Amino acid sequence: MTETGTGRPGIGRTGVRRVLAGGLHWLRVLGEDLGTVRWDPLPAFGRLRRLPHAVLYIAAFGIMLGGTAQLTDNGLLGAGLAFVVGPALGGAVILGMRRPVPAWWLSTVASVVAAVAVHAKLAAGVVHQFTWPWTTAGIIAQLLVLLLLALRVRARVAVEALALTLLVTYVLEGVWGAPDHQSTGVITSILSSVVVLLGITLRSRREARAELGRLAMVTAEERARRTLLEERNRIARELHDVVAHHMSVISIQAQVAPHLVENPSEELKENLEGIRHNALEALTELRRVLGVLRSEDPDSRDALDGTGNGPHTPQPTLDRLGTLVENTRAAGLRVTVETVGRRRPMPPGVELSAYRIVQEALSNVLRHAPGASAAVVVDYGPYGLQVKVTNSPPDRPAPQSPGAGHGLLGMRERAAMLGGVLNARAMPDGGYKVDAFIPVPMRAEDLLAEAAQDPDDAQDPDDAQDPDDAQDPDDAQARDGGRAPAPDHAPDHAPDHASDHAPDLKDDTV
């Protein structure tokens with residue numbers, strides 16, 4: 001009968017090959033795991049810091065003395081061998097704090113050498129009732145080394161070291177055996193298993209805590225990044241309304257312009273029609289983008305002024321600051337408002353950002369400073385708009401806020417978007433101050449209008465200048481000696497000064 005017909009010889013040889021291949025594989029794995037001399041120092045233990053290291057040094061010294069004394073006094077070994085095995089057991093504990101795998105090898109080999117030497121004394125009847133195959137010092141050293149090993153290597157490596165320890169114990173006591181001794185094989189096997197299990201558990205717990213800390217850090221970074229993107233998205237929605245309004249005005253003006261000129265040329269009509277067509281196309285694209293942004297259904301940020309963020313809600317400006325303040329007062333916050341300088345029209349983006357900064361600052365006062373009062377200052381300077389919101393110290397602890405804690409991040413984004421700066425800091429008295437500056441150069445007509453309202457600068461009728469010359473800012477600057485008009489509060493308005501104390505965005509507590 002052929003080999004194929006019976007099948008047994010072929011299967012037998014294949015099975016042997018598989019067993020041999022599996023055995024060789026595990027030997028290679030075992031050699032890689034337990035054949036390393038990797039440097040792995042024992043780290044500090046939290047609040048205990050280096051106290052466990054000191055305890056291990058003391059234990060190593062005791063193992064060295066106790067092991068040497070037991071082998072010489074009770075085991076009747078020569079001083080030479082005893083003074084080798086004892087320090088080897090103590091040195092294994094010290095080595096285990098830096099190289100755990102070589103330390104385990106050193107402890108195991110030293111204990112086996114001692115067991116073989118004592119076995120000869122037991123067989124000769126010279127020694128009676130000796131703890132064998134593990135001496136007392138050998139048991140303690142092996143347990144400490146296994147614990148240090150399990151704390152710093154993978155669970156598989158710790159289990160392999162435990163398995164070899166149990167195998168050595170079984171071969172010495174179960175297979176070889178010795179007469180007239182006190183057996184320590186069972187107790188050593190049980191304690192070794194418990195110690196390795198404890199070490200694996202502690203290592204897994206430490207790794208889990210480290211992973212949780214890493215995930216918490218990543219989550220905080222992702223939350224901050226998401227909050228920043230949401231704030232930028234919200235700013236984009238609001239600015240799209242402003243840009244769309246201007247594009248509509250351009251389209252209408254381009255359509256009406258030919259009717260305001262008598263006998264307009266065909267070239268002029270064609271150019272104006274092109275302007276109108278391009279404006280309408282840009283407006284269509286803006287509306288598409290705006291529809292995508294608003295389809296996300298953002299949370300309302302206008303709780304204080306009661307406007308909401310509906311798709312057709314006009315974006316607020318500083319004209320509605322009074323309504324915001326009144327609603328804030330109705331919420332229980334004492335607010336005062338002061339306007340410095342002559343109020344003049346600002347670009348829509350500046351008005352919107354200034355309004356949102358005041359709104360967020362007052363919201364932070366309500367959330368984080370219960371019982372405090374707030375003061376809002378809007379300063380129209382020659383070089384820009386400055387907004388200050390200052391609150392007094394709270395009279396009671398603030399409750400836990402459900403917010404994400406990134407309000408200052410959004411305020412700074414709004415100021416930086418327009419080339420400005422924002423400073424937020426705690427005051428010495430316990431209050432808080434938010435100071436934003438947005439650069440907006442004053443137009444020549446605004447400068448002349450402000451000068452005309454100042455009675456100290458009134459001109460003599462004989463010195464009146466030509467209206468056309470008055471509208472030329474270059475001529476006005478030349479008459480002033482080539483100097484630009486000095487601001488009333490230059491240190492507060494200058495962007496470089498404001499950036500000297502850039503806000504710490506990690507703290508959103510007002």
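Overview of results
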read-out: Residue pairs meeting the criteria (Cβ under 7 Å; at least 6 apart or on separate chains; first farther than 14 Å from ALA331 by Cα and modelled with pLDDT of 90 or more, in segment 351-374; second part of a loop (DSSP other than H, G, I, E, B) and open to solvent by less than 10 Å² (accessible area, probe 1.4 Å)); value: TYR355/PRO316
read-out: Residue match in segment 446-463 (condition: over 23 Å from VAL335 (Cα atoms), open to solvent by 50 Å² or more (accessible area, probe 1.4 Å), at pLDDT below 95 and touching a strand residue (DSSP E or B) at 6+ places or on another chain (Cβ under 8 Å)); value: no
read-out: Residue, least open to solvent (accessible area, probe 1.4 Å), within segment 382-398, restricted to residues that are modelled with pLDDT under 90 and within 26 Å of THR317 (Cα to Cα); value: PRO382
read-out: Any hit, segment 181-202, residues being touching a strand residue (DSSP E or B) at 6+ places or on another chain (Cβ under 8 Å), surrounded by 14 or more Cβ atoms within 10 Å (Cβ to Cβ), touching a residue at least 40 places away in the same chain (Cβ under 8 Å) and part of a helix (DSSP H, G or I); value: no
read-out: The one condition in (1) farther than 30 Å from GLU360 by Cβ; (2) open to solvent by 50 Å² or more (accessible area, probe 1.4 Å); (3) modelled with pLDDT of 85 or more; (4) not in a loop (DSSP other than H, G, I, E, B) that ALA216 fails to fulfil; value: (1)
read-out: Among the residues listed as ALA436, ALA404, the single one being at pLDDT 90 or above and either open to solvent by 50 Å² or more (accessible area, probe 1.4 Å) or under 14 Å from TYR355 (Cβ atoms) (or both); value: ALA436
read-out: Given (1) exposed (fewer than 14 other Cβ atoms within 10 Å of the Cβ); (2) over 16 Å from LEU76 (Cα atoms), index of the condition LEU143 fails; value: (1)
read-out: Evaluation of TRP105 against (1) under 23 Å from VAL159 (Cβ atoms); (2) of a type in the set (Phe, Trp, Tyr); (3) surrounded by fewer than 18 Cβ atoms within 10 Å (Cβ to Cβ) (one fails), failing number; value: (3)
read-out: Neighbours by Cβ (under 7 Å, 6+ apart or cross-chain): first from segment 52-67, farther than 24 Å from TRP132 by Cβ and part of a helix (DSSP H, G or I); second β-branched (Val, Ile, Thr) and open to solvent by less than 30 Å² (accessible area, probe 1.4 Å); value: LEU56/VAL93
read-out: Residue within segment 297-311 that is within 32 Å of the chain's Cα centre (by Cα), assigned to a helix (DSSP H, G or I) and modelled with pLDDT under 75 present; value: no
read-out: Which listed residue is acidic (Asp, Glu), open to solvent by 30 Å² or more (accessible area, probe 1.4 Å) and outside any strand (DSSP E or B), from GLU360, GLU326; value: GLU326
read-out: GLY96 open to solvent by less than 10 Å² (accessible area, probe 1.4 Å), of a type outside the set (A, V, I, L, M) and either closer than 18 Å to LEU148 by Cβ or at pLDDT below 95 (or both); value: yes
read-out: Any chance ILE58 is of a type in the set (Val, Ile, Thr) and open to solvent by 20 Å² or more (accessible area, probe 1.4 Å); value: yes
read-out: Condition met for VAL159 (under 43 Å from the mean Cα position of the chain (by Cα), touching a residue at least 24 places away in the same chain (Cβ under 8 Å), open to solvent by 10 Å² or more (accessible area, probe 1.4 Å) and closer than 28 Å to VAL29 by Cβ); value: yes
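The values are calculated or read from the model by the stated rules, or taken from the named source; none is laboratory data. The shown structure was predicted, so the numbers you read here are calculated from the model rather than taken from an experiment. Here Cβ is always computed from backbone atoms with ideal geometry, including for glycine, and neighbour counts include all displayed protein chains. When the accessible area is computed, the model is the full protein with side chains, heavy atoms only, and any ligands, DNA or RNA have been set aside. Shrake-Rupley method; radii C 1.70, N 1.55, O 1.52, S 1.80 Å.
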